[in-house]
Amino acid sequence: MLTRAITGLFFVLALLIAFYFGYLSTFFLFFVITTLGVEEFYSIVSKSKEYHPLKFFGLLTAIITFITISLVIQHTIPTKYLSLPFLFIFLIFIIELYRKKRHPFINIAYTFLPILYIVIPFNLLYHLGYYNNHQFTDEFNYPIIWGFFFILWSNDTGAYLSGKFFGKHKLFERISPKKTWEGSIGGAVLSIIVAYVCSMFFDQITLTNWIVIALITVIFGGLGDLVESMLKRSLNIKDSGNLLPGHGGILDRFDGLLLSVPIVYAYLVLS
């Protein structure tokens, strides 16, 4: 528990400081996280011995995709360069054609998956740093990203504490035996409280939007946790990695973010 707490403290401080200092530090932090996350994904899939994603080319494609989208978001390069990742994405089919591996299309699917599952959510979250008063601007604003993480962490904390002290009714025992409905409710209550507090300090979006973001994060963050557990169960592993002592790997730490961010993004853009 002490190791987990110390790791968590330094991890949280690193994130908040990077967001506070602007778009470049946030870009580099998200770049490191996504690169490590994609590499971690390929590593755990490769442990099965049955499947062989194109690790090097997949990681290269993920890096190019993240950098290209981020530079377009920053208005550093024109939108036309969004076509660049497609050159690499569709080469994956051709490369797999000559590898002579078993399960070629499963290999292709596993090569593509972390680009969709990891890279795109972090690109969308990075883009939300430019969101202000119902529109995207040229100025990076850290408060929305701060607020999202505060809500995400409060959901995790509330769910853990409520589940530990009051948890009786299993939420999804087939995938995650320890999760309970009481934990989910506790996470939701704390998230809504934190969302209200965020609205008092961060006025880039309204109180209603902060509350909706909290509800989305509770629902889809919880589902993201279950999806990552499903991935680990399907590959017969306990943790996605050991990069973060007491927390596991990158995917273990950001599982709730990966599914909730796209929904939050869609809600803000469409509302």
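Bear in mind that the values in this text are calculations on the coordinates, not laboratory data. In this text, all values refer to a predicted model and were calculated from it rather than measured experimentally. Positions of Cβ are generated from backbone atoms using ideal geometry, with glycine treated the same way; all protein chains shown enter the neighbour counts.
Could you pull out the GluC sites (Glu not before Pro) across segment 103-201 that fall in loop regions by DSSP (anything but H, G, I, E, B) with no more than 14 other Cβ atoms inside 10 Å?
For GluC sites (Glu not before Pro) across segment 103-201 that sit outside H, G, I, E and B with at most 14 neighbouring Cβ atoms in 10 Å, the list reads GLU139, GLU173.
If you plug each phi of segment 249-254 into the Karplus form 6.51 cos²θ - 1.76 cosθ + 1.60 with θ = phi - 60°, what whole-Hz ³J(HN,Hα) values come out, in order, with x for Gly and Pro?
In residue order, the calculated couplings are x, 4, 5, 5, 7, 10 Hz.
How big is the charge dipole of the chain about its Cα centre, in debye rounded to the nearest 20, if each Lys and Arg gets +1 on its Cβ and each Asp and Glu gets -1 on its Cβ?
1060
So what are the ³J(HN,Hα) numbers for segment 176-182, from phi and the Karplus equation (6.51, -1.76, 1.60; θ = phi - 60°), rounded to whole Hz, Gly and Pro as x?
Karplus-based 3J(HN,Hα) across segment 176-182 equals 9, x, 7, 7, 10, 5, 4 Hz.
Do any trypsin sites (Lys or Arg not before Pro) in segment 1-96 lie in a loop, going by DSSP, with at most 15 other beta-carbon atoms within 10 Å of their beta carbon, and if so which?
On the way: sites: ARG4, LYS47, LYS49, LYS55, LYS80; in loops: LYS47, LYS49.
Sparse-neighbourhood loop trypsin sites (Lys or Arg not before Pro): LYS47, LYS49.
Step through the residues of segment 36-43 one at a time and calculate ³J(HN,Hα) from phi using the Karplus curve (6.51 cos²θ - 1.76 cosθ + 1.60, θ = phi - 60°), rounding each to whole Hz and writing x for Gly and Pro.
5, x, 5, 4, 5, 4, 4, 5
Based on DSSP loop calls and a cut-off of at most 13 other Cβ atoms within 10 Å, the longest stretch of the chain free of exposed chymotrypsin sites (Phe, Trp or Tyr not before Pro) is what?
Excluding the exposed sites themselves, the longest stretch runs over 99-271.
Report the equivalent ellipsoid semi-axes for segment 81-238 in whole Å, largest first, defined as the square roots of five times the eigenvalues of the gyration tensor built from alpha carbon atoms.
The equivalent ellipsoid of segment 81-238 has semi-axes of 34, 27, 8 Å.
What residue among ILE89, GLY158, GLY22 has its Cα farthest toward the positive end of the dipole of segment 2-270, where the charges are +1 on Lys, Arg and -1 on Asp, Glu, each on the Cβ?
Result: ILE89, furthest along the dipole toward the positive end.
So for HIS75, HIS52, fewest C-beta neighbours within 10 Å to most, what's the order?
Final ranking by Cβ density, sparse to dense: HIS75, HIS52.
Which entry in (1) 56, 47, 33; (2) 66, 47, 33; (3) 50, 48, 34 is this structure's computed Cα extents along the principal axes in Å?
(1)
What is the set of long-range amide H partners of LYS179 at a cut-off below 5 Å, with H atoms built 1.01 Å from backbone N?
For LYS179, the qualifying residues are LEU171, PHE172.
Given only helices, namely DSSP H runs of n ≥ 4 each adding -39500 (n - 2.57), what is the per-residue ellipticity at 222 nm of the chain, to the nearest 500 deg cm²/dmol?
Calculated at 222 nm, the ellipticity per residue is -23500 deg cm²/dmol.
Do any trypsin sites (Lys or Arg not before Pro) in segment 150-220 lie in a loop, going by DSSP, with at most 14 other beta-carbon atoms within 10 Å of their beta carbon, and if so which?
Qualifying residues, ordered by number: LYS168, ARG174.
Once amide H atoms are placed 1.01 Å from N in the peptide plane, what residues at a sequence separation of 5 or more from LEU54, or on another chain, have their amide H within under 5 Å of its amide H?
Those lying under 5 Å, H to H, from LEU54 are THR111.
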